[in-house]
Amino acid sequence: MTKAFQLAALLALATTVSAAAQHATHATAGTPHVRNTSPANRPMGETRGAESAEHVKSFRGIAAKLNTTPEALQTAYEQAQAANPKLTRGQFIAANMLGQNLSAKGITTDKILAGLAGGKSIGQTLHELGLSDQEAKAAEKAADRDVRDADKAADKAAKAQAKNQDTKSQTKPDSGH
């Protein structure tokens with residue numbers, strides 16, 4: 001009975017996480033890279049708020065691809081991690097991308113996160129959800145490619161925006177002489 005209750009609670013949480021991650025809004029482009037924020041690599045005096053802001057930035061590329069905001073993804077990740085402390089950002093992003101790509105087959109982000117919480121790998125979870133080993137590998141490969149492409153697009157947009165702002169700051173108004 002306890003396992004059934006834990007599974008029901010996990011599925012309820014996963015549903016909430018998925019709903020938060022799937023709100024259709026547009027995100028602004030920014031730096032999509034996940035940075036190592038271990039204490040040894042953080043500058044002295046960096047606050048928890050700054051670390052949180054950096055984590056939100058790391059979701060910008062994929063948030064645009066998933067039609068949500070980086071903040072919504074960060075919140076959903078924190079909720080999913082509360083249910084599964086071993087969940088990594090990479091697994092969370094992959095689960096969301098796979099959930100979007102495989103929704104036509106009835107495979108959702110919630111189901112993938114539940115499998116990860118149960119101690120299974122993403123591949124094992126996809127196999128249990130009805131994909132063959134070959135289909136699961138192809139789906140994971142496609143999701144990885146989609147994430148990389150989203151990160152590159154966000155990186156390119158951020159560089160273009162920075163260049164545009166730099167150009168504007170170097171332009172001086174006509175003195176009128």
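General observations
- Computed from label points 7 Å out along Cα-Cβ, the spacing between Asp149 and Ser103 is 1.7 nm.
- In nm, spacing of pseudo-spin labels at Gln165 and Ala142 (7 Å Cα→C-beta vector): 3.7 nm
- The length gained on full extension between Lys120 and Gln81, counted as 0.36 nm times the residue separation minus their Cα-Cα distance, comes to 12.5 nm.
- Accessible-area composition of the range 93-140, carbon plus sulfur, in percent [1.4 Å probe]: 49 percent
The values are calculated or read from the model by the stated rules, or taken from the named source; none is laboratory data. This one's a predicted model, so the numbers in the text were calculated from it and none came from an experiment. No Cβ is skipped: glycine too gets one built from the backbone with ideal geometry, and neighbour counts run over all protein chains shown. Remember, those area values only see protein heavy atoms, side chains included, never the ligands or the DNA or RNA. Shrake-Rupley method; radii C 1.70, N 1.55, O 1.52, S 1.80 Å.
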